[in-house]
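These notes concern the structure reproduced below.
The values are calculated or read from the model by the stated rules, or taken from the named source; none is laboratory data. Computed from a prediction, not measured in an experiment: that's the story for all the values here. Neighbour counts are summed over all protein chains in view; Cβ atoms, including those assigned to glycine, are modelled from backbone coordinates with ideal geometry. For accessibility, only protein heavy atoms count, side chains too; no ligands or nucleic acids. Shrake-Rupley method; radii C 1.70, N 1.55, O 1.52, S 1.80 Å.
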Amino acid sequence: MDECVLKIEQLEKSFGSLEVLKGIDLEIHKGEVVCIIGASGSGKSTLLRCINLLEEADAGHIWFDGQDLMDLSVDLNALRQKIGMVFQSFNLFNNKNVIDNCTLAPMTVRKVPRAQAEEAAVRNLTTVGLKDFIYADSTRLSGGQKQRVAIARALCMEPEIMLFDEPTSALDPEIVGEVLDVMKDLAAQGMTMVVVTHEMAFAKEVSDRVVFMDQGVILEQGSPREIFGSPKNDRTREFLSRYLEDKQQ
Amino acid sequence: MNPSAKGNFITRNHPYVFLGGSLIALLGLSLLYGEAHPLSFLTGNAPELLCRLILWAFLALSAVALVFKLFRGKSYRTCFLCREPMLTVSRLASYLVVLVCVLVFADRGIMQLIYTVQVCMEAKSNPQGFVPSMIYMSLKGKDMLLTGIWTTVRIALLGTAIAFVLAILMVFLRIQEPDKRDNDFVKALKWTANRFARFYIFVIRGTPMMVQALIFYYFGFNLFKRTGMTVTEINSVWSFFISGLCTVSLNSTAYLTEVLRGGIQAIDRGQTEAARSLGMSNWQSMIKVVFPQAVKNSIPAIGNEFIINIKDSSVLSVIGVMDLMYATKSVSGIYFRSLEIYCVAALLYLILTWLSSLLLRYLGKKLDTPVKGIPSSN
Ligand SMILES: Nc1ncnc2c1ncn2[C@@H]1O[C@H](COP(=O)(O)OP(=O)(O)OP(=O)(O)O)[C@@H](O)[C@H]1O
Ligand SMILES: [Mg+2]
């Protein structure tokens, strides 16, 4: 087996009295694409946000780069640079244009000189197909374009792993494809990716492993063929069949 | 013909021609029957009488229309008054009325004012009438009032600018929250900063600016006295103006800090989260991402603070700052008339705030930020 990039052990998280994560164990290997599926409210986003400490988990361990992120003495900012995150709501910096969105973090955090940062930004923007929008105002782009800029922005920090939290949920159906295509390319290039998604076709086609979450626990995981073809757990079967029904309507 | 048919306001027939026109005619008539004055050009029988005739004629026509309306009810819309050519005739007649009234206003309004000013300039003593007295005192106290206006504008402008800079520093103290991952020293530092800012805002917002002005002034005065300076020396360093400016600056700092804090809180949390997820520190995401957006959104509120300072700096006259309020009081003391000169002061303040809000609106448009009207006091 490949080297393990991220290892989560017995992660727990509550919001007040609401237990959202009830002991999650998960390993992500290098170059692997893992899709997390599950009903709304099952804790998928929370899990992703705990991984790069946007939420502080209550207990458990997150091993990354040989360090435990739950250890209060780790240099969070240094570790976060290596974990790219793409949000459902894009979260482009509204006060910056497209290229400045991409160069801000490399220049302020890694002190990359402007010329070099811009070169990398242009390269990544070209990869996501936005070469012509380099100097566009980030608030004036379409949703699909915004999300592709967000992906390019994360790539500019040269992360070891990318987390996607429902990257296409806020998009119109016609433009979901352009973002998914970019993600497929990324996967093909060997990027390690954890993707929370409701795009079952994408999960089937691209992922190496599918993880089904329900009410704060991982109920089942396996290859897409196993999960979609012959799910062992009743809940998984129920979720998938309901999902297919919804799709057909 | 439908009254709201095509064409612009001038070439189009509109409803309520008689109502609107007769109101204007009544206004004109009331001016016309007032006293004439030596500068009047609408005197003698011919012009004045003609004007009166035109206005009365229009009123008579309107009266006829009113009678028709009352007696015919719904079917009024179809009577001859609501058909061509009467529609066009009544419209043109209303334009004539407006024209006449403009003439009358120029004569009995503007020329009257010019005449009063002329009389006041030559007057030896404060005239009896209300408006003449206002004009007389404004003219005589012109220099004082102008200096007062200049001082008020300077204090408001400088005070708001200084307060803005201080508020930027203060809001950084205000938003410090100890984090689980900080060491104890940083935690203590953040806690202190936060409590200091809160306390400052609490005190400043909870006390009147007049009291603050007095405290700052005497505090500074006593401080300099300790160093052995004479009163004249102190007055040149810690002048009324300087201490007044300090008061306004420190006072506005508290309010602007809250404005900026509100601006920061209004920025979507996703902005910070995106910055943090890229490895930027809390400070970096604040400086590079959140703060520029918050300041931009706060610009209208900062402009409002400027307008508030124009008005509220009037309390500084209590420590002797020679602003517009102080000048007004002085003029009132010299000429023994209060109501008139305070009305002048109100008018001048109104002009200042109105002009400022126009200017701010213009700047806001250029900067593409939302704007509000003249704000209420703090
Ligand atoms: N900051 C918060 N404070 C309180 N409760 C929260 C918070 N964030 C999430 N929750 C709750 O935690 C539960 C899990 O939320 P989460 O966003 O992880 O679900 P999800 O699986 O991502 O769902 P979805 O598919 O709708 O995005 C939900 O019940 C939600 O209301
Ligand atoms: Mg979610």
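Tell me the net charge near A:E56. Cut-off is 14 Å between Cβ atoms, A:E56 excluded, with +1 for each Lys or Arg and -1 for each Asp or Glu. Local charge sum for A:E56: -3. Using a cutoff of 8 angstrom between alpha carbon atoms and counting only pairs six or more residues apart, the relative contact order for chain B works out to 18 percent. Volume per residue for segment A:161-249 equals 107 cubic angstrom (convex hull of Cα atoms).
Each residue, B:A266 and A:A136, gets one label point 7 Å from its Cα in the Cβ direction; the gap between the two is 2.7 nm.
Taking every residue in B:288-298 and counting other chain Cβ atoms within 10 Å of its Cβ, the average works out to 3. Its DSSP H runs of at least 4 residues, each contributing -39,500 (n - 2.57), put the calculated 222 nm mean residue ellipticity of chain B at -24000 deg cm²/dmol, to the nearest 500. Considering only beta bridges that DSSP places wholly inside the protein assembly as shown, some 55 percent are antiparallel. Within the full protein context, the accessible area of A:R110 is estimated at about 80 Å² for a probe radius of 1.4 Å.
Here segment B:30-131 is assigned +1 on the Cβ of each Lys and Arg and -1 on the Cβ of each Asp and Glu. Its dipole about the Cα centre then comes out at about 700 debye.
Excluding same-chain neighbours fewer than eight residues apart, the lysines reachable from A:K13 by a Cα-Cα span under 28 Å are A:K22, A:K30, A:K44, A:K82, A:K232, B:K180, B:K187, B:K190.
In segment A:71-88, comparing the full protein assembly with the chain on its own, the residues that lose 20 Å² or more of accessible surface at a 1.4 Å probe are A:L72, A:L76, A:N77, A:R80, A:F87. Here the gap between B:T232 and B:R205, fully extended at 0.36 nm per residue and compared with their Cα-Cα distance, gives a gain of 6.4 nm.
Given in Å, the Rg to one decimal and the Dmax to the nearest whole number for the Cα atoms of chain A are 18.1, 55.
What a 1.4 Å probe finds exposed on segment B:3-122 is 75% carbon and sulfur by accessible area, rounded to a whole percent.
Dividing the Cα radius of gyration of the protein assembly as shown by its Kirkwood radius returns 1.16 for Rg/Rh. Spin-label model, B:V119 to B:L146: label points 7 Å out along the Cα-to-beta-carbon direction sit 2.6 nm apart. In this view, the solvent-accessible surface of B:W191, computed with a 1.4 Å probe and all protein chains in place, comes to about 140 Å². Given a 1.4 Å probe and the protein chains as shown, A:E56 ends up with an accessible area of around 50 Å². When the accessible areas of A alone and B alone are added and the area of the pair subtracted, with a 1.4 Å probe, the result is around 2100 Å², both sides summed. Heavy-atom accessible area with a 1.4 Å probe sorts B:K124, A:K111, B:K296, largest first, into B:K124, A:K111, B:K296.
Per residue, the convex hull around the alpha carbon atoms of chain B comes to 231 Å³. Close amide H partners of A:V20, meaning residues 5 or more places away or on another chain with modelled amide H under 5 Å apart, are A:K13, A:S14, A:F15.
Given R₀ = 60 Å, FRET efficiency for A:L72-B:Y16 by Cβ-Cβ distance, to 0.05? The computed FRET efficiency comes out at 0.20. For segment A:141-176 versus segment B:101-148, the spacing of their alpha-carbon centroids is 69 Å.
Under 18 Å of direct C-alpha separation, and excluding same-chain neighbours fewer than eight residues apart, B:K329 reaches these aspartates and glutamates: B:D143, B:D312, B:E340. Using modelled amide H (1.01 Å from N, peptide plane; none on Pro or chain starts), what sits under 5 Å from the amide H of A:M193, excluding residues fewer than 5 places away? Close amide H contacts, sequence-distant or interchain: A:E32, A:V33, A:V34, A:M162. As a ratio to 2.2 N^0.38 Å, the alpha-carbon radius of gyration computed for segment B:1-119 takes the value 1.25. Shape analysis of segment B:142-367 based on the Cα gyration tensor places the equivalent ellipsoid semi-axes at 39, 24, 12 Å, largest first. Could you list which residues have their amide H under 5 Å from that of A:I218, counting only those 5 or more apart in sequence or on another chain, with H placed in the peptide plane? When sequence neighbours closer than 5 places are left aside, the close amide H contacts are A:D25. With a cut-off of 15 Å between beta carbons, the residues surrounding B:G28 carry a summed charge of 0, where Lys and Arg count +1 and Asp and Glu -1.
Two tests apply to each whole DSSP H helix in chain B, Cα reach of 18 Å or more along its axis and mean Kyte-Doolittle hydropathy of at least 0.5, and the ones passing both are B:17-32, B:45-72, B:86-104, B:142-174, B:209-226, B:240-266, B:339-367.
Sites listed here are chymotrypsin sites (Phe, Trp or Tyr not before Pro) in segment A:70-158 whose DSSP assignment is loop and whose Cβ has at most 13 other Cβ atoms within 10 Å: A:Y135.
The residues of segment B:1-131 expose, per residue, 64 Å² of accessible area to a 1.4 Å probe. Ranked from largest to smallest solvent-accessible area, with a 1.4 Å probe on the protein heavy atoms, B:M86, B:M210 come out as B:M210, B:M86. If you plug the beta carbon distance of B:F68 and B:L363 into 1/(1 + (r/R0)^6) with R0 = 60 Å, you get a FRET efficiency near 0.65.
Note on segment B:177-311: Kirkwood hydrodynamic radius from all Cα pairs is 17.8 Å, rounded to one decimal. Placing dummy labels 7 Å off each Cα toward the beta-carbon, the span from A:D181 to A:V217 is 4.3 nm.
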